[in-house]
Amino acid sequence: APPKPSLLVKAGKLLDVRKGTYLENVGIWIEGQRFKEVGHFPEVQAHVHQNTKVIELGRATVLPGLIDCHTHLMARIPEGPDGYTLNLVTKSQAFRALEGAYNARITLEAGFTSVRDVENEGAAYADVALRDAIEQGLAEGPRMQVATRAIAAVGQYNPFGISPDLSDFPTGAQMVSGQEEARRAVREQIGHGADLIKVYADWTHPTLTVDEIRVVVEEAHKLGRKVAAHASTPEGVKNAVTAGVDSIEHGHRADQQDLELMKAKGTFLVPTVGGIDASIERYSKEPETERRKEIQAYLGELLQSIQQSMQQAMRLGVKIALGYDAGSPGRQGKNADEFVALAKRGLPPLEAIRAATLNAAELMNWQDRVGSIEAGKYADFIAVEGDPLRDIAVLEQVKFVMKGGTVVKDALPH
């Protein structure tokens, strides 16, 4: 076999996400797509082959490639009350796939080298095609796990308000009623390439029953897939965790009992707070109307609930993984805003970074591949100017991105 390409990266410092400390004057030896050795630059340099290319990153701070556990790369949904419906009826599947490819590229350039895409919002199996195209080098984007269509109770997911005469109108998720329909949906989605399964345990109120969700978990786990559950009501969270899901997405109104159950069962929380902050900021710029006041009041009350559940989750030691939940054109590629949102809720910078590295890798069952800069793992890393442990917002300005030993972005001064 031909020798693997060899690279030596020199940087000012590297954050060891396990220890929570910096390694100064660091050398990172990369062979092919993976890390070979990490340590002090002179020591690593002494081991590399002659004529190894050296990449100088100056005084930059290096971190593992970031992971977003709640993306919707196929979604560029217009704003407004009818945005979701318009998205379904005005865009072909081919166009949705091209939108996904664009979103994948800007997400990667933002420093997110792996994502867990938790439903494609009515794009059939276009996310499977995007994942495979990226793996084959036909498109540029992060490593992906995809949930394909997701599973919701009949009539309890977008789009709403459609005429009953339009019986074949496209839906944002696969609608089921009863255990056997739920079982079939899981088998079908995995058969078409799903890496994980997403369920809607509630919407404005609990929807799928514990038994329906339990069947989903049974089928998915049997085939080595994890289950993510959208759940924002206390009962919805309880039903999903009782049924054995692997993660709660959002969990905005999870109560103490829910969180204690999650801790006992090892269920992850993916809080997705950044989107709420973005909505509040957007509505604050709109003209003063009764509707705006109502929405702002609702969002303010929701933020209080999120603050309370996040604080309780941290106290109890519930595992937290980062997920930004971008679904509109304006928010795609801004995944790192979630770091700032988590920090506002009291998550220390190191724990927020772990939520997007070690914890996220564990949730995806990719601990052996990504999540830290260690020998044998994929050579995925980013570089920023500044100290993210002092100012987490520097992660919103990623200057250098490498994925699998290939430089994706280099905006550092040279």
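If you check 393, 379, 375 for being in contact (Cβ under 8 Å) with a residue 12 or more places away in the chain and over 24 Å from residue 7 (Cα atoms), only one passes: 393. Taking the stretch 327-372 as the range and being under 21 Å from residue 14 (Cβ atoms) and assigned to a loop (DSSP other than H, G, I, E, B) as the test, the residues that pass are 336, 348, 356, 357, 366, 367, 368, 369, 370, 371, 372. Residue count for the stretch 271-323, restricted to those that are acidic (Asp, Glu) and under 27 Å from residue 261 (Cα atoms): 1. Checking each residue in the stretch 364-414 for being loosely packed, with under 15 Cβ neighbours inside 10 Å and basic (Lys, Arg) picks out only 390. Listed here are the helices (runs of 4 or more DSSP H) enclosed by the stretch 33-147 that have at least 2 residues being under 30 Å from residue 19 (Cα atoms) and in contact (Cβ under 8 Å) with a residue 24 or more places away in the chain: 41-45, 93-109. Each residue in the stretch 307-319 was checked for being aliphatic (A, V, I, L, M) and either assigned to a loop (DSSP other than H, G, I, E, B) or buried (at least 23 other Cβ atoms within 10 Å of the Cβ) (or both), and 3 pass.
Every number here is computed from the coordinates shown, using simple stated rules; none is lab data. Computed from a predicted model, the values in this text were never measured in an experiment. Cβ atoms come from the backbone with ideal geometry, glycine included; neighbour counts cover every protein chain shown.
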